Structure formats: structure tokens, C-alpha cells
Amino acid sequence: MKNNKLIIIVGVIILAVLVSGGYFVISSNKQSSNKQAQTPQIQDEAAEPISAKEIGLKLTIRDDKKAIKFSIENATDIESVDYQISYTKEVKGEEVPEGLIGEAKPEDGKIEIKYREFGTCSSGTCRYDTVVSPIKVTLKIVKTNGKVYQTEESIEI
């Protein structure tokens, strides 16, 4: 009888350890995937470097310093552009990476995106980030000949 109770107690302890260990693993996987989702990366090892000057890249910070837009003046041979805008924001005294992604296609030999907010906006109300780093714009450019290029440009607020 005592052996049966001991076996049950040991079984319950082992089960509790397995359940709590499984919860820990699942919880840590969710946290790491959330961090990865916050800072998407445009990286393509096959992409050739191209200068921002060659494509006529122009970055513009809005006067209130709460948004950025860019244009590419020389886009006649560009099929599409994937872009990533990354920066560091301050949240409760801690620095947290943040990013915005998107795609743009040329119109009349030029590419232009409208202002992208540093923060979130919903129903006309915006909550802006406190940006504490330079803003980096990374472009992955697909030309009409199928070749892929990449460039980066940074701007201070």
C-alpha cells in the first residue's frame, strides 16, 4: 500500500515537472517569435549592392518628426521595391527595436511612398513612438531584367 502511494506521488511530481517544463518552452518560443516579428529584416545574399545616389533615393522626415517618406527618382528600370524602415524607440526607459515594411511599384518612372508614421494610428488617433536612433531605410530592388539589388540609407531625426 505504501509502495502504491509512493509510486503515485512520484508520478504526480514527474507529471508536474513535465507540464511546467513544456509551458516554459512554449512561452519562451512565443517571446522569441514576437521579438523577431517586431524587427523584420530584408536580407538577400543574392542581392547586389547599389548606391542610393544611383537610383535617386530621397528620404524626408515630416516637420513634426513623427513620420518618414521616401522617393526614388530614377525608377525607369525598376519592377518593384520591398522596403524596411527600422529604428529604436524608448518604452518605459528601455530601448526597443521597431520596424515598418512595405512594397512599392513605379509610376511614371518614379517611386514614392507617402508618410509612414513612427507609431500606430487607429480611428484618427495616433500613438507616436519616442524615436531614439537614426532611421534606417533598407531597400530590396527588383529590376525589370530580373536582377536584385539592395541599398541602405539612414537619416537623423
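When residues in region 101-115 are screened for being surrounded by fewer than 14 Cβ atoms within 10 Å (Cβ to Cβ), assigned to a strand (DSSP E or B) and acidic (Asp, Glu), 2 of them pass.
Within region 61-73, identify whether any single residue is assigned to a helix (DSSP H, G or I) and either modelled with pLDDT of 60 or more or surrounded by fewer than 15 Cβ atoms within 10 Å (Cβ to Cβ) (or both), and answer yes or no. Checking region 61-73: not a single residue is assigned to a helix (DSSP H, G or I) and either modelled with pLDDT of 60 or more or surrounded by fewer than 15 Cβ atoms within 10 Å (Cβ to Cβ) (or both). Output the residues belonging to region 69-101 that are β-branched (Val, Ile, Thr) and over 12 Å from the mean Cα position of the chain (by Cα). Residues satisfying the conditions are ILE72, THR76, ILE78, VAL81, VAL91.
Figure legend. Inter-residue proximity from region 103-130: first residues of a type in the set (Asp, Glu), second residues outside any strand (DSSP E or B) and modelled with pLDDT of 90 or more, beta-carbon distance below 8 Å, spacing 6+ or different chains. Indicated pairs: GLU117/LYS66; ASP129/PHE118. The C-beta contact set for region 88-100 (first residue closer than 10 Å to VAL131 by Cβ, second residue surrounded by fewer than 15 Cβ atoms within 10 Å (Cβ to Cβ) and of a type outside the set (A, V, I, L, M), distance under 7 angstrom, 6+ apart or interchain) comprises THR88/GLU95; THR88/PRO97; LYS89/THR130; GLU90/THR130; GLU98/GLN38.
The values are calculated or read from the model by the stated rules, or taken from the named source; none is laboratory data. These figures come from a predicted structure and were not determined experimentally. All Cβ positions, even for glycine, are placed from backbone atoms using ideal geometry, and neighbour counts span all protein chains on display.
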